[in-house]
Amino acid sequence: MNVLLWVLQILLALAFFAHGLLFLFPPASVVEQMNATLPRWFQLFLGVAEILAAVGLTLPGLSRVQTWLVPAAAVGIMIVMVSATGFHIMRNEIGSAVTTFVLLGIASYVAYMRWRVAPIQSKVESRKSKVAV
């Protein structure tokens, strides 16, 4: 179970890191299309938020410091994906809506599992359990 969750966290992190970079540093060939769809300030906001989400999905779990940030980052992704799915449906972009809905499902699974079923133990909790044994 833990391996599956880590694989999903890493895949989500890679997807959101790449998409965040796309919003922050769009290729010249798509700048006009992106600016026609979303204001630049919102693209910058989404780019920073998605990169932070990618970091939040991985770094706290790897360092085992502030591990509550992993499910929090997944919940943040859920909020963005609900909005993105609605946005794509309104624009009749069904393929993109399906993609964002799948990402919503994966983020929901990671959030629930890391919050309730298989939370990552912090360094402090790990030391306490070793002392108690």
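Descriptive notes on the structure:
- Segments 71-80, 3-12 sorted - mean Cβ within 10 Å per residue, highest first: 71-80, 3-12
- For the options GLY20, GLY61, GLY95, a Gaussian network treatment of the chain with springs between C-alpha atoms closer than 10 Å singles out GLY95 as fluctuating the most.
- In terms of the mean number of neighbouring beta-carbon atoms within 10 Å, the peptides 110-120, 45-55 order highest first as 45-55, 110-120.
- Between VAL102 and GLN66, the distance separating the two model label sites (each 7 Å from Cα on the Cα→Cβ line) works out to 3.2 nm.
- Counting charges near VAL65 (Lys, Arg +1; Asp, Glu -1) among other residues having Cβ under 14 Å from its Cβ returns a value of +2.
- Rough spin-label spacing in nm, given labels placed 7 Å along Cα→Cβ, for VAL117 and VAL31: 4.5
- Over all pairs of different C-alpha atoms, the stretch 1-93 has a mean inverse distance whose reciprocal, the Kirkwood radius, equals 14.1 Å.
Computed from the coordinates by the stated procedures, all read-outs in this text should not be read as laboratory data. Treat the numbers as computed from the prediction; the structure is a model and nothing was measured. Positions of Cβ are generated from backbone atoms using ideal geometry, with glycine treated the same way; all protein chains shown enter the neighbour counts.
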